[in-house]
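Trainee: Here you go, one structure.
What follows draws every value from the coordinates through simple rules; no lab data is involved. In this text, all values refer to a predicted model and were calculated from it rather than measured experimentally. Note that we place each Cβ from the backbone using ideal geometry, even for glycine, and neighbour counts take in every protein chain shown.
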Amino acid sequence: MVNAKTYSQKPSEVSRRWILIDAAEAPLGRVSTAIAKYLIGKYKPTYTPHIDAGDYVVVINAEKAVVTGAKETDKLYYRHSGFPGGIKDASVAEVRAKHPERLIESAVRGMIPHNKLSAERMKRLRVFPGEAHTHTAQTPEKVEIK
């Protein structure tokens with residue numbers, strides 16, 4: 001019998017790709033799970049839980065993100081100023097009008113593990129409201145979401 005050992009990736013062995021995802025192709029939850037998969041790097045055969053080996057993700061068309069059912073008016077996003085009585089809420093339609101990238105960012109933030117690596121993973125997420133993005137020099141690979 002061969003003495004097989006479990007592979008553990010080192011931080012110096014991490015290789016990152018640039019991924020381009022169009023948020024207008026599929027529902028918000030399906031797009032967010034795909035983004036989280038690439039940010040975490042769990043699809044890679046060298047995945048190691050305690051090493052941040054995920055990719056950079058560029059998301060375009062955040063303002064055209066698809067929500068199903070009555071979520072456009074019924075789903076609420078809350079934020080708090082930190083002062084008594086300082087809670088505010090906004091529907092999906094209101095958030096989409098002012099800050100469309102927040103729809104994607106909050107959905108992805110809820111899908112990645114809440115640990116010490118989550119802040120670095122969220123820094124590699126770049127969300128743009130329209131078709132144009134500033135990362136053409138990195139030549140991101142377009143990923144189709146079904």
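Trainee: Can you give me the angle between helix 28-40 and the longest principal axis of the chain, using Cα atoms only, in degrees from 0 to 90, rounded to the nearest 10?
Mentor: With rounding to tens, the tilt is 30 degrees.
Trainee: Here's something else I'd like to know. For the pairs Lys64/Lys123; Lys44/Lys116; Lys10/Lys142; Lys64/Lys98; Lys37/Lys142, flag any whose C-alpha to C-alpha distance is greater than 24 Å.
Mentor: Details: Lys64/Lys123 22 Å; Lys44/Lys116 20 Å; Lys10/Lys142 28 Å; Lys64/Lys98 13 Å; Lys37/Lys142 15 Å.
Long pairs (Cα-Cα over 24 Å): Lys10/Lys142.
Trainee: Top mean-square fluctuation among Pro84, Pro27, Pro45, Gaussian network model of the chain, C-alpha springs under 10 Å?
Mentor: Its mean-square fluctuation being the largest, the pick is Pro84.
Trainee: Also: Mean projection of the alpha-carbon convex hull of the range 1-50 over all orientations, in nm²?
Mentor: Details: hull surface 21.0 nm².
Answer in nm², one decimal: 5.2.
Trainee: Among DSSP beta bridges whose residues both lie in the chain, state the antiparallel percentage, nearest 5. Show your work: numbers first, answer last.
Mentor: Details: 5 of 17 bridges.
The antiparallel proportion sits near 30 percent.
Trainee: Here's a follow-up. Divide, for the range 3-146, the radius of gyration over alpha carbons by 2.2 N^0.38 Å, where N is the residue count. Write down the numbers at each step before the final one.
Mentor: Details: Rg = 17.0 Å, N = 144, 2.2 N^0.38 = 14.5 Å.
Relative to the 2.2 N^0.38 Å estimate, the range 3-146 comes out at 1.17.
Trainee: If we count other beta carbons within 10 Å of each Cβ, what is the order of Leu125, Leu39, Leu117, Leu76, fewest first? Mind dumping the intermediate values first?
Mentor: Values: Leu125 21, Leu39 25, Leu117 18, Leu76 13.
Fewest-to-most Cβ neighbours within 10 Å comes out as Leu76, Leu117, Leu125, Leu39.
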